[in-house]
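Trainee: Let me give you the structure first, and then I'll get to my questions.
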Amino acid sequence: MEDWVDVSLKGQAEIPCIYTLKEPAKMIVWFTKLPGRDQSRRRIYYYDGQKTVIEEGSEYVGRIKVTHSHEPQNARGSAILIIDNVQLSDQREYICTVYNVSTDSGEGRTRLQIFNSPSLPVIEGMHTGISVTVEEPSKVAQCKVDDGYPRPNITWYKGRFPLQQSEGEVKTMELVTTKPNGLFTVHSDLYIKVEKTDEDALFYCEVKYFVPGGVRMTETKKINITVHYPTTEVTLSVNPHDRLIKEGDTVKIRCVGNGKPPPIFSFTHNGDELSSDEEMLLLDNVSRSNSGTYVCQSFDLDTGTSFEDSINITVINLLHDMQLVERHVLELNNASYDTAGMYMCKVTVPSLPDLQELKSVQVSVRGKPKLTVEMAADPVNKADRSVNLTCHAEGYPSPTITWTLSDQWTGQPVPVPEVESQKTDTGVLSMISVRATSKLTVNCSAANEFGTVNVSHKIEASARVKTTTTQATSTKGGSGVIIAVMIICLLLIAILGSMLYFLYKKGKLPCGRSGKQDFTKEKASKDDIVMEMKSGKSEEAVLLQGINGDRKSPTE
């Protein structure tokens, strides 16, 4: 029975020779059997217990040795042939002959099998496209694996499924080459009858090769192939496609077919041929003369078939062709100063995003000035004891703001510092900076033809700011009403005083101590009676000289 020993190329092979003898072998001889038709033996090693001989001139000189062992208790012995740097030529049958003392002999046979793992396989697709119109299978890719022993096997895959030979559909052709060193190179070409769906498929090849004790597998990278198929439909589109086209626009008309490679395209406008750049027709600075029907026609050189599509475009002159929007009115009811401001009207056309008109109008509400906020005072500057005051008045016509300053102790006016004013959308903003060197009263007055409003601040010498109640007067009739009321009051007081004096003279008014009427428990000082007269938001104070003194005699 023949045994096998597997070994990789350039590795070390150990070929055992096991025998059963109570005594060590008298002689051991190793032979090889030449490959090919010549099946004669050739001695490569001799051992007789005293000397060892390796045949001169053989390819094994310097590469082989034999180790001997014997176990008397088991009556077993061995002679192991060791071959270094194994070559492909070492793949053959090895024969071990053992002789005992009585010159009886026995032999064993072992075949040495050499293996060499190939290089990584390489796949390459065809650089030209493969047409689906070809009736016979076309070459789509080739796979190569090099330096394998024994010969590697190649299997083709499409996606996850192996490709099997099929008449008129799938075909593979292999070329096996033996190199001078005895290793194999395998080429495999794949032929298939391609379909349109194959342009998305992935192709690769799998290589299986033998190794000592088993089989291994490796794969190539996955590739796509270029598939050509005729055009069966043409689509014409215009850019921009989502809006109307106005004069002066640039328009691109594109023709696309569903074939590969693209067919030859030609364009016509209202029946007239146009020159174009492949599948696109470019129209610059269009006018109404560019309106009409555009037709794209395809022609396939392989099949001779033709398809077409058409599209209508209309170029609009905005000054004559369309009305953008009808009358639209914004109504403002119960107008107040909050209504005043800048109003803007914007007209856009959804189908023409670039087209829009924008107009604005300033709405002013006529009326008496209004102080939108009380006089605002910024924090005091401790370095120069100054405070910044701001007064903002709304109204139309635009109010005129006037500042006045007075000393709270003396009542004398104080020069007004430099005033900074600026107009706002609804009125005027005025600012001053006041040094708080003494107690001051600062008044801001805003006036126009409809009236006047006031607001005042009290500034302490310690730079504390105190706001007084806003005072407002009307320039139309306000002062006259106040003067008339004052005159009437004075006349009433005079009449009352005359009646009291007359009754006193007539003795009608009790004057004794027992009949005395006390109007006040405590003595009042002069100038303590103050009469205030108010009209709406306007108010004025008049200081009256009183007669609250000591009681006089009836004769006085």
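The values are calculated or read from the model by the stated rules, or taken from the named source; none is laboratory data. Nothing here was measured: the structure is a model prediction, and the numbers come from that model. Every residue, glycine as well, gets a Cβ built from its backbone with ideal geometry; the counts of neighbours run over all protein chains shown. In case anyone asks, the SASA skips ligands and DNA or RNA and just uses the protein heavy atoms, side chains included. Shrake-Rupley method; radii C 1.70, N 1.55, O 1.52, S 1.80 Å.
Trainee: Checking Thr235 against (1) buried (at least 19 other Cβ atoms within 10 Å of the Cβ); (2) β-branched (Val, Ile, Thr); (3) farther than 30 Å from Gly159 by Cβ, which test does it fail?
Mentor: Failed condition: (1).
Trainee: Does Leu405 satisfy the criteria of being touching a His at 6+ places or on another chain (Cβ under 6 Å), on the phi < 0 side of the Ramachandran plot and either open to solvent by 40 Å² or more (accessible area, probe 1.4 Å) or not β-branched (Val, Ile, Thr) (or both)?
Mentor: No; evaluated as a whole, the condition is false for this residue.
Trainee: Being in contact with a Ser or Thr (Cβ under 9 Å, 6 or more places away or on another chain) and farther than 14 Å from Ile44 by Cβ is the filter; apply it to segment 83-98 and report the residue that is surrounded by the most Cβ atoms within 10 Å (Cβ to Cβ).
Mentor: Val98
Trainee: Quick one: would you say Asn443 is crowded, with 17+ Cβ neighbours inside 10 Å and assigned to a strand (DSSP E or B)?
Mentor: Criteria met by Asn443.
Trainee: Among the residues of segment 213-225, is there at least one that is closer than 30 Å to Ile316 by Cβ, open to solvent by 60 Å² or more (accessible area, probe 1.4 Å), among the charged types (D, E, K, R) and assigned to a loop (DSSP other than H, G, I, E, B)?
Mentor: Within segment 213-225, not a single residue is closer than 30 Å to Ile316 by Cβ, open to solvent by 60 Å² or more (accessible area, probe 1.4 Å), among the charged types (D, E, K, R) and assigned to a loop (DSSP other than H, G, I, E, B).
Trainee: Report whether or not Val132 is open to solvent by less than 60 Å² (accessible area, probe 1.4 Å), at pLDDT below 95, among the hydrophobic types (A, V, I, L, M, F, W, C) and under 30 Å from Glu14 (Cβ atoms).
Mentor: no
Trainee: Then there is this: All but one of (1) closer than 30 Å to Ser8 by Cα; (2) of a type in the set (D, E, K, R); (3) buried (at least 17 other Cβ atoms within 10 Å of the Cβ) hold for Lys208; which doesn't?
Mentor: Here Lys208 clears every test but (3).
Trainee: Right, another one. Can you pull out every residue in segment 423-440 that is open to solvent by 40 Å² or more (accessible area, probe 1.4 Å) and modelled with pLDDT under 90?
Mentor: Scanning segment 423-440 gives Lys423, Thr424, Asp425, Ser433, Arg435, Thr437, Lys439.
Trainee: Let me ask something else. Out of curiosity, is Val481 modelled with pLDDT of 80 or more and either surrounded by 13 or more Cβ atoms within 10 Å (Cβ to Cβ) or assigned to a loop (DSSP other than H, G, I, E, B) (or both)?
Mentor: Considered against the rule, which asks whether it is modelled with pLDDT of 80 or more and either surrounded by 13 or more Cβ atoms within 10 Å (Cβ to Cβ) or assigned to a loop (DSSP other than H, G, I, E, B) (or both), Val481 comes out as no.
Trainee: Could you run through segment 135-150 and say how many residues are over 13 Å from Leu190 (Cβ atoms), surrounded by fewer than 17 Cβ atoms within 10 Å (Cβ to Cβ) and charged (D, E, K, R)?
Mentor: Of the residues in that region, 3 qualify.
Trainee: Sticking with this one: Considering each residue of segment 184-204, count those that are surrounded by 19 or more Cβ atoms within 10 Å (Cβ to Cβ) and under 14 Å from Ser119 (Cβ atoms), and give that number.
Mentor: Adding up the residues that qualify gives 2.
Trainee: Give the residues of segment 40-97 that are part of a strand (DSSP E or B) and closer than 22 Å to Gly182 by Cα, sorted by residue number.
Mentor: Ile64, Ile83, Glu93, Tyr94
Trainee: Quick check: anything in segment 150-171 within 30 Å of Arg41 (Cα to Cα), touching a residue at least 60 places away in the same chain (Cβ under 8 Å) and either of a type in the set (S, T, N, Q) or in contact with a His (Cβ under 7 Å, 6 or more places away or on another chain) (or both)?
Mentor: no
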